[in-house]
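The values are calculated or read from the model by the stated rules, or taken from the named source; none is laboratory data. Just so it is clear, the structure is predicted and the values come from calculations on it, not from any experiment. Here the Cβ positions follow ideal geometry from the backbone for every residue, glycine too, while neighbour counts run over all protein chains shown.
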Amino acid sequence: MLVLASASPRRQELLCSAGIPFTVCPANIPELPHPGEKPRDCAERLAREKAQAALRQQPGKLVLGADTLVVVEGEILGKPRDEADAMRMLRLLSGRTHQVTTGVCLAGLRTGNQKLETGFEDTRSETTEVTMNSLTEQDIRSYIATGEPMDKAGAYAIQGIASRWIPRIDGDYFNVVGLPVALVFRMLQEHGLMGGGISGGTSGSAGPIVGST
């Protein structure tokens, strides 16, 4: 069974909805870009580091690491440190089109044609363009007061209150939420780790087994 190296409720909900069974093993690593690091490289590196951290806790398992970054005018925006940082991010995003990149890393063991288990690591990423309407200072202050921005990359949740300010996206919506589910499913299939059958979905028969670390 897949091990999700993330405590994100959004990612857990997306895997549940897609009928992909998983357990949870959060990976706590510093989520900071290296100096001069490109956004895609940063997202993929952090996803890889999360997967590797989870593998150290659960050796021999199949692990999925993911990291989402928001990029505007060349600046990488992670999760805001505090309300002032959230305000700064929302001012940057206001009235602009930005990019959301999620790196995903699938790592662990797979069984080959000879029934031998071999280790592998596959890291990829998905980018979606998002356009946000212009926000007033009152919009920003009121939104921050809800608490919604504080644990989100770029200080907003497209599936939440912030949806009222987003008239257009170009690409995978679920990538903006936090996980490009179609990419993850394709990777699982390419490595022979999941067939075309449906094992769960919104019925709730597929989902996280928390505390399995």
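G74 satisfies every condition listed in (1) small (G, A, S); (2) under 22 Å from H191 (Cβ atoms); (3) in contact with a Pro (Cβ under 9 Å, 6 or more places away or on another chain) except (2).
Select, from V176, V184, the only residue that is touching a strand residue (DSSP E or B) at 6+ places or on another chain (Cβ under 9 Å), part of a helix (DSSP H, G or I), over 22 Å from E73 (Cβ atoms) and modelled with pLDDT of 95 or more.
Numbers: V176 fails: over 22 Å from E73 (Cβ atoms).
From the options V176, V184, the qualifying one is V184.
In segment 9-25, the residues that are of a type in the set (K, R) form Cβ pairs under 6 Å with partners that are surrounded by 19 or more Cβ atoms within 10 Å (Cβ to Cβ) and not in a strand (DSSP E or B), at six or more places apart or across chains, as follows: R10/V177; R10/G178; R11/G178; R11/L179. Sub-6 Å Cβ pairs linking a first residue in segment 130-141 that is closer than 27 Å to T102 by Cα to a second residue that is crowded, with 16+ Cβ neighbours inside 10 Å and modelled with pLDDT under 95, at least 6 apart or interchain, number zero.
Restricted to segment 50-92, and to residues there that are free of Cβ contacts under 8 Å to residues at least 40 places away in the same chain and assigned to a helix (DSSP H, G or I), the residue that is farthest from P35 (Cα to Cα) is R56.
Among the numbered conditions (1) touching a helix residue (DSSP H, G or I) at 6+ places or on another chain (Cβ under 8 Å); (2) at negative phi; (3) surrounded by fewer than 23 Cβ atoms within 10 Å (Cβ to Cβ), the only one that E73 does not meet is (2).
State yes or no: is E121 outside any helix (DSSP H, G or I), within 22 Å of the chain's Cα centre (by Cα), of a type outside the set (S, T, Y) and modelled with pLDDT of 95 or more?
Considered against the rule, which asks whether it is outside any helix (DSSP H, G or I), within 22 Å of the chain's Cα centre (by Cα), of a type outside the set (S, T, Y) and modelled with pLDDT of 95 or more, E121 comes out as no.
A count restricted to segment 23-32 and to residues that are out of contact with any Asp or Glu (no Cβ under 9 Å at 6 or more places or on another chain) and modelled with pLDDT of 90 or more stands at 4.
For segment 128-164, residues that are in a loop (DSSP other than H, G, I, E, B), among the aliphatic types (A, V, I, L, M) and out of contact with any strand residue (DSSP E or B) (no Cβ under 9 Å at 6 or more places or on another chain) total 2.
Could you go through segment 101-109 and let me know if any residue there is in a helix (DSSP H, G or I), more than 20 Å from the chain's Cα centre (by Cα) and at pLDDT below 95. No.
Residues of segment 126-140 being of a type outside the set (V, I, T) and within 12 Å of V176 (Cα to Cα), which ones? The answer is E126, E129.
What are the residues in segment 21-38 that are part of a strand (DSSP E or B) and buried (at least 19 other Cβ atoms within 10 Å of the Cβ), if any? Of everything in segment 21-38, those that are part of a strand (DSSP E or B) and buried (at least 19 other Cβ atoms within 10 Å of the Cβ) turn out to be F22, V24. All of (1) of a type in the set (S, T, N, Q); (2) surrounded by 16 or more Cβ atoms within 10 Å (Cβ to Cβ); (3) at pLDDT 95 or above hold for T97 with one exception: (2).
Quick check on my filter: what residues within segment 142-172 are surrounded by 15 or more Cβ atoms within 10 Å (Cβ to Cβ), more than 18 Å from R81 (Cβ to Cβ) and either aromatic (F, W, Y) or free of Cβ contacts under 8 Å to residues at least 12 places away in the same chain (or both)? Selection gives W165 alone. Residue check: D41 meets all listed conditions (1) closer than 24 Å to A182 by Cβ; (2) crowded, with 18+ Cβ neighbours inside 10 Å; (3) in contact with a His (Cβ under 9 Å, 6 or more places away or on another chain) but one, namely (2).
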